[in-house]
Each structure stands twice: as C-alpha cells, then as structure tokens.
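Notes to accompany the following structure.
The values are calculated or read from the model by the stated rules, or taken from the named source; none is laboratory data. Small disclaimer: the values here were computed from a predicted structure and weren't measured. Cβ atoms come from the backbone with ideal geometry, glycine included; neighbour counts cover every protein chain shown. Note: accessible area is taken over every heavy atom of the protein model, side chains too, but ligands, DNA and RNA are not part of it. Shrake-Rupley method; radii C 1.70, N 1.55, O 1.52, S 1.80 Å.
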Amino acid sequence: MAIAPTPPPPPPQRPTMRHSSAFLLPPPSPSPGGGSADAATVALVVLNQPLPRFAPLLWSRAALRVCADGGANRVFDGMLELLPGQGAGEVCARYKPDVIKGDMDSVRPQVKEYYSNLGTKIVDESHDQDTTDLHKCISFVAKNSTVADKSNLCILVLGALGGRFDHEMGNINVLHIFPNINIILLSNDCLIFLLPKTHTHEIHVERSIEGPHCGLIPIGMPSTSTTTTGLQWNLDNTSMSYGGLIRTSNIVEEDKVTVTSDSDLIWTMSLQN
C-alpha cells in the first residue's frame, strides 16, 4: 500500500509590528509620576528643509535630538518662526540640538559656534562622501541610544521630504538600509515609513491627525503578493511593481489597517492641517 507523502509544514507565522502616529497628538495632562512614557524611546533628526508646524511638539518628546548639517540652521531660524512672541534668546537656547553631524558644508559658521558654545556636540564627517547626512545621523542615533532593544527605538525625521528629488530618494533609501529600526519621515503633508516583509503590520490610525489618503509603494523590488485590510480598496494577494500596479491614493476606512507582503513596502499617509 502506497504511503501518502507527508505534507510540508505550514510556513512560520511572522511576528506583528505595530505602528502608531500618537506622537503627533497633543500632549496629555501631566501624570502624578511626571514625564512622558514614550520620550525615552524617541529620537529626532532634523534635515535641511523647512520645519513642519509640529516641530516644537516632537522636539519636546525626543530624548535625543540630532541636526544633520544645515538642519541646525533650520532649527535656529525655524523655531523662532513657529513660536512668534517668545524671546529669541530663550527660544534658541531651549531648542538646542544635542548633536550636529554631517559634512559641515551647509551649517552657517555662526550657528555652529552658537550651539557649540551651549554644549552641542559637533561631529564633522566631511571625510565620508559615500553616505548621506541622514544615513550618518541614523547610524549615530542607533549606536548612542540608551534603548537596549532597537525595536523600541523610534526615529522621527523632519525635512526628509520636499526639495530636491534625489535627496528625497536618498532619504527613502535609508529606510531600506535600516529595516530593523522604526524610522518615520515627516513633512507638513504626510508621513512615510517602511513595512519590512519579515513582519505582518498593524497600522493604528489616529483619525484626528492623519488620513484618509494613503499609499503602499513597492520601492526597491516588486511584490508578488500583498494583502491588506482596513482600506477602501484592499489588496488580496495582489502583485505590485513599477511599470505595473502601485497602490496610491487609497483611503483608510478603519481605525486599524493590516498589511502582509512578500516584499518590503513603503507606507505613506496624509497628515491633516
């Protein structure tokens, strides 16, 4: 009697990665214990583009604040524009970066000297022309963060979108270089982060501040199978690639969106003004 072949074992279940934009919500009332529970896990990187309107809020929530080269100019000038009516000296001293890092070809000498005199660490990496300023800053944060489990580290990046297209693509490439670190690129209009194929993803939508428009984009490699829930036009084992279908201008319909794919995907969602 023939023996039926043993069926192959089911594929291992992927761990779930959860995403939330709660860091953009207004701060809650202080608790009796004081402090913010998520502040120790958040780092802020500022690039050389205009600051979004919520920059002061994110600055207050970050445990480490790094300016990439000319990003220091943006903090020095932009915080004064976002906080009119407050004393210039007080604002400049309060919003002092912990580190200025990069090739130092954009930061104004007087800005660098001002922050250096306040104790900001200046890290000149002009010898390294093979990596972008954002790459340098992410490496620095990952190495110097006090968070032992890097999956609990969230790096918020201001100024990564807008300006030159090659800069934008270089910044998106950094998401693929560091797929195991939660990096979120932010502008006034939208946010972007990577959904690594090694996980299933739950995106918890903060409807008061983001959506409804969203997109799933296979930058870097095609996806032969992507499945979603919670969207107006869900995908069901759908293939996506440049030159074919990419899912832009979708609509979030539920408070939780799930995504599973055989390829790394870029998730983007609109931010409300």
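Out of the range 165-185, which residues are in a strand (DSSP E or B) and under 20 Å from SER249 (Cβ atoms)?
Answer for the range 165-185, where residues must be in a strand (DSSP E or B) and under 20 Å from SER249 (Cβ atoms): just LEU185.
Checking each residue in the range 220-234 for being open to solvent by less than 70 Å² (accessible area, probe 1.4 Å) and either over 23 Å from the mean Cα position of the chain (by Cα) or among the β-branched types (Val, Ile, Thr) (or both) picks out SER225, THR226, THR227, THR228, THR229.
Looking at LYS136, LYS96 in this structure, which one is surrounded by 13 or more Cβ atoms within 10 Å (Cβ to Cβ) and part of a helix (DSSP H, G or I)?
Details: LYS96 fails: part of a helix (DSSP H, G or I).
The unique qualifying residue is LYS136.
If only residues of the range 242-273 that are more than 25 Å from SER187 (Cα to Cα) and modelled with pLDDT under 95 are counted, the one that is most open to solvent (accessible area, probe 1.4 Å) is GLY243.
Residue pairs whose Cβ atoms lie under 6 Å apart, separated by 6 or more positions or on different chains, with the first residue in the range 83-102 and touching a residue at least 12 places away in the same chain (Cβ under 8 Å) and of a type in the set (A, V, I, L, M) and the second open to solvent by 50 Å² or more (accessible area, probe 1.4 Å) and part of a helix (DSSP H, G or I), are VAL91/LEU80. Restricting the range 99-128 to residues that are open to solvent by 70 Å² or more (accessible area, probe 1.4 Å) and assigned to a loop (DSSP other than H, G, I, E, B) leaves a set whose member that is nearest to ALA43 (Cα to Cα) is LEU118.
Criterion first (free of Cβ contacts under 8 Å to residues at least 40 places away in the same chain and either buried (at least 21 other Cβ atoms within 10 Å of the Cβ) or hydroxyl-bearing (Ser, Thr, Tyr) (or both)) does THR131 satisfy it? Can you show your working first?
Values: free of Cβ contacts under 8 Å to residues at least 40 places away in the same chain: yes; either buried (at least 21 other Cβ atoms within 10 Å of the Cβ) or hydroxyl-bearing (Ser, Thr, Tyr) (or both): yes.
Criteria met by THR131.
Scanning the range 58-93 for residues that are open to solvent by 10 Å² or more (accessible area, probe 1.4 Å) and not in a helix (DSSP H, G or I) returns ALA63, LEU64, ARG65, LEU83, PRO84, GLY85, GLN86, GLY87. Select from the range 139-154 the residues that are open to solvent by less than 20 Å² (accessible area, probe 1.4 Å) and within 23 Å of LYS112 (Cβ to Cβ) and list them in ascending order. Listed by number, the list holds a single entry, VAL141.
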